[in-house]
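The next block holds one structure in the form of structure tokens; read it before the comments.
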Amino acid sequence: MSTIAPVENPEADLRVKAVFDDIRATRQTEFINNMWRYLAFDPALLEQTWAEVKRVMATPSTLDPLTKEMVYITASIINGCSYCVHSHTAAATAKGLTREQHAELMSIIALAAKTNQLATALQVPVDPVFDRG
């Protein structure tokens, strides 16, 4: 259950409408997902969050779009965000994620979780060659 009620007509606010229009144009879809609809309760927060998402996820960079989505899925799993796991798995699938790639990603995430916990439990010291600081 949400901690706030969604805004009844979010696009009545011109700032919200501008962000929603940019989301539609950037993603080439009419669909505005719930994350943006719920963030519309605070137009400034909506603007800031969309600007950052657009800059990091939608602007061409050294990482390809599918890799970015796979990293986002991983972070969402680690952070326990079911909403983001679902939305970014859908986005990754739309960008070409195959069932085999998804299975491999899950194997990597599970392995990292296990070895991270072992290293933490054992308090394994960082090898000097890995320490850039």
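Couplings 3J(HN,Hα) for segment 88-100, derived from phi with the Karplus relation 6.51 cos²θ - 1.76 cosθ + 1.60 (θ = phi - 60°), are 7, 5, 4, 5, 5, 4, 5, 8, x, 4, 8, 4, 5 Hz, where x marks Gly and Pro. Oblate is the label for segment 26-89, because a/c, from the alpha-carbon gyration tensor with a ≥ b ≥ c as root eigenvalues, is 1.5 or above and a/b does not exceed b/c.
What is the magnitude of the charge dipole of segment 4-133 about its Cα centre, with +1 placed on the Cβ of each Lys and Arg, -1 on the Cβ of each Asp and Glu, and no other charges, expressed in debye to the nearest 20?
Numbers: 12 positive and 15 negative charges, 34 e Å.
Computed charge dipole of segment 4-133: roughly 160 debye.
Helix 43-53 and the longest principal axis of the Cα set of the chain meet at an angle near 40°. For His88, the accessible surface of its heavy atoms amounts to roughly 30 Å² (probe 1.4 Å, protein chains only, rounded to the nearest 10).
Evaluating 6.51 cos²θ - 1.76 cosθ + 1.60 at θ = phi - 60° for every residue in segment 109-119, the Karplus couplings come out as 4, 5, 5, 4, 4, 5, 5, 4, 5, 5, 4 Hz, glycine and proline recorded as x. The listed peptides 32-41, 78-87, ordered by packing as a protection proxy, come out as 32-41, 78-87 (highest mean of other Cβ atoms within 10 Å first). The angle between the Cα long axis of helix 14-27 and the longest principal axis of the Cα atoms of the chain comes to about 50 degrees, rounded to the nearest 10. Measuring nothing but alpha carbons in the chain and taking Rh as the Kirkwood radius, the Rg to Rh ratio lands at 1.06.
With a 1.4 Å probe and all protein chains left in place, how much of the accessible area of the chain comes from carbon and sulfur atoms, in whole percent? Let's see the in-between values first.
Details: 5780 of 9610 Å².
C and S atoms contribute 60 percent here.
Excluding ligands, DNA and RNA, the accessible surface per residue across the chain is 72 Å² with a 1.4 Å probe.
Give me the net charge for the shell around Asp21: Cβ to Cβ below 15 angstrom, other residues only, Lys and Arg +1, Asp and Glu -1. Display every interim value, and only then the final one.
Working: positive: Arg15, Lys17, Arg24, Arg27, Arg37, Lys54; negative: Glu11, Asp13, Asp22, Glu30, Glu47.
Combined, the nearby Lys, Arg, Asp and Glu give +1.
Within segment 57-80, find all residues whose amide N lies under 20 Å from a label point positioned 7 Å from the Cα of Thr120 along Cα-to-beta-carbon. The answer is 71-80.
The values are calculated or read from the model by the stated rules, or taken from the named source; none is laboratory data. Keep in mind the model is a prediction, meaning the values are calculated, not measured. Note: ideal-geometry Cβ built from the backbone for every residue, glycine included; neighbour counts use all protein chains shown. These area figures cover heavy atoms from the full protein model, side chains too; ligands, DNA and RNA do not enter into them. Shrake-Rupley method; radii C 1.70, N 1.55, O 1.52, S 1.80 Å.
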